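Here is the structure we will look at, set down as structure tokens.
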Amino acid sequence: MKVAVAMSGGVDSSVAAALTREEGHDVFGVTLQLWPKEMAIRDFDKHHGCCSLDAVEDARRVANRLGIPYYVLNFEDDFRSSVIDPFTQAYLQGRTPNPCIRCNETIKFGLLRLKALALGADALATGHYARIDRGSDGYQLRRAVDERKDQSYVLYQLGQEELAVLRFPIGDWSKTEVREKAGTLGLVTALKPESQEICFVADGSYRTLLKDRFREQVKPGPIVDGKGTVVGEHDGIAMYTVGQRSGLRLQAGGPASPPMYVSAIDAASNTVTVGGPRQLLRSSCRVEDVRYVAGRVPPAAFRAEVKVRSHAPVAAALVTPLGEQARIDFDDPQRALAPGQAAVFYAGDRVIGGGPIAASDV
């Protein structure tokens, strides 16, 4: 086949390209120019991770080493409108978004997939840690072999149309094996550190981005306890997320006072509510914009293991489909269910689907 490989300038996508070529496919590499120009110029010395100018050059050097054609596509405007703007607006509304999920859906497996096919590719490969197989009911998305690196959580929105043309070559590999392979091939990315930060935030803090771009909308307001008593002042609701403890600067309590956490955020009243550990526990939640890998809504409620954060353990629950929404009733109360975070449903290592948390119940 002719396969396009999305090359981010990191070791994972570099090895994905190498493995795809070793399988005998006609391979070409593609890097997306996503970082807005004004951010690239201003923060050049601060940021060297995914989407940076350095990453483009590293990907180009890997492609040259592998002897494959290489292209850079400018999706800057699309990235700004589809990822950065929704990300910032979500925080201004008191939600906790995951920009990687949005980027995967709209950019990598949306626009890039279509562009790759238009360029004559039969498939698009990436360096994600996940697996795809073909079952009796169609394509299935599964966890990676390396559970520590598994990225299936941020891929739940993939459906049959996308999975039919996607390839995840390193899904059966461990991170250690990937680095060893890159070293054997002499790839410049073999020992390159992983990029952990949000790719479009140079200093690792989304709060700096929000303060710089939305100074007039990020306004101080009251911090109240469960009884509505004002116990402090916040710096703007966009600076906080449910479950947060640091940076609250609450009025001093007694020596036996329990630790306090953000338990709710109300954008309409610009209010942050805090409570003790028990106030963070929720037995159920509602999710919206639910996607199912199989491409159809299950006809009845089903048991599943649910992950409510990318690095959270799975929790047993009953999922009740409600059209484009769903209700999740957990066997055991879960901590800090933040609106905007994704709740992803699993059956063992298979991804069933998921969606952003809209609201949680006590």
> Can you tell me how many residues in the stretch 40-88 are modelled with pLDDT under 80, surrounded by 15 or more Cβ atoms within 10 Å (Cβ to Cβ) and farther than 30 Å from Glu22 by Cα?
Replying inline: 3
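Yes or no, residue by residue, for (1) acidic (Asp, Glu); (2) loosely packed, with under 13 Cβ neighbours inside 10 Å:
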site	(1), (2)
Arg148	no, yes
Leu158	no, no
Ser174	no, no
Thr189	no, no
Asp212	yes, yes
Arg215	no, yes
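To keep it simple, each residue is scored yes or no on (1) assigned to a strand (DSSP E or B); (2) open to solvent by less than 30 Å² (accessible area, probe 1.4 Å); (3) in contact with a strand residue (DSSP E or B) (Cβ under 8 Å, 6 or more places away or on another chain).
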residue	(1), (2), (3)
Leu111	no, no, no
Ala116	no, yes, yes
Leu141	yes, yes, yes
Gly171	no, yes, yes
> So Thr273 clears everything in (1) out of contact with any Leu (no Cβ under 9 Å at 6 or more places or on another chain); (2) in contact (Cβ under 8 Å) with a residue 60 or more places away in the chain; (3) assigned to a strand (DSSP E or B) except one condition, right? Which one?
Replying inline: (2)
> What is the one condition in (1) closer than 20 Å to Val154 by Cα; (2) modelled with pLDDT of 95 or more; (3) basic (Lys, Arg) that Arg309 does not satisfy?
Replying inline: (2)
> Could you give every pair whose Cβ atoms fall below 7 Å, whose first residue belongs to the stretch 177-201 and is touching a residue at least 24 places away in the same chain (Cβ under 8 Å), and whose second residue is hydroxyl-bearing (Ser, Thr, Tyr) and open to solvent by less than 10 Å² (accessible area, probe 1.4 Å), counting only separations of at least 6 or pairs across chains?
Replying inline: Ala182/Ser14; Ala182/Thr189; Leu187/Ser14; Thr189/Ser14
> Inside the stretch 304-355, can you point out the residues that are open to solvent by 30 Å² or more (accessible area, probe 1.4 Å), touching a residue at least 40 places away in the same chain (Cβ under 8 Å) and not in a loop (DSSP other than H, G, I, E, B)?
Replying inline: Glu305, Arg327, Asp329, Pro333, Gln334, Arg335, Ala347, Arg350
>> I'm told Pro222 meets every condition in (1) under 25 Å from Arg282 (Cβ atoms); (2) touching a strand residue (DSSP E or B) at 6+ places or on another chain (Cβ under 7 Å); (3) in a loop (DSSP other than H, G, I, E, B); (4) open to solvent by 20 Å² or more (accessible area, probe 1.4 Å) except one. Can you identify the failing condition by its number?
In response: (3)
> Could you list, in sequence order, the residues of the stretch 293-303 that are in a strand (DSSP E or B) and either open to solvent by 50 Å² or more (accessible area, probe 1.4 Å) or closer than 15 Å to Ile357 by Cα (or both)?
Replying inline: Arg303
> Does any residue of the stretch 120-133 turn out to be crowded, with 19+ Cβ neighbours inside 10 Å and of a type in the set (D, E, K, R)?
Replying inline: yes
>> Take Ser269 and tell me if it is modelled with pLDDT of 95 or more, polar (S, T, N, Q), farther than 30 Å from Gly138 by Cβ and surrounded by fewer than 16 Cβ atoms within 10 Å (Cβ to Cβ).
In response: yes
>> Tally up the residues in the stretch 89-98 that are open to solvent by 20 Å² or more (accessible area, probe 1.4 Å) and either under 15 Å from the mean Cα position of the chain (by Cα) or on the phi > 0 side of the Ramachandran plot (or both), please.
In response: 3
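The values are calculated or read from the model by the stated rules, or taken from the named source; none is laboratory data. The shown structure was predicted, so the numbers you read here are calculated from the model rather than taken from an experiment. Neighbour counts are summed over all protein chains in view; Cβ atoms, including those assigned to glycine, are modelled from backbone coordinates with ideal geometry. Keep in mind that these areas ignore ligands, DNA and RNA; they rest on the heavy atoms of the full protein, side chains included. Shrake-Rupley method; radii C 1.70, N 1.55, O 1.52, S 1.80 Å.
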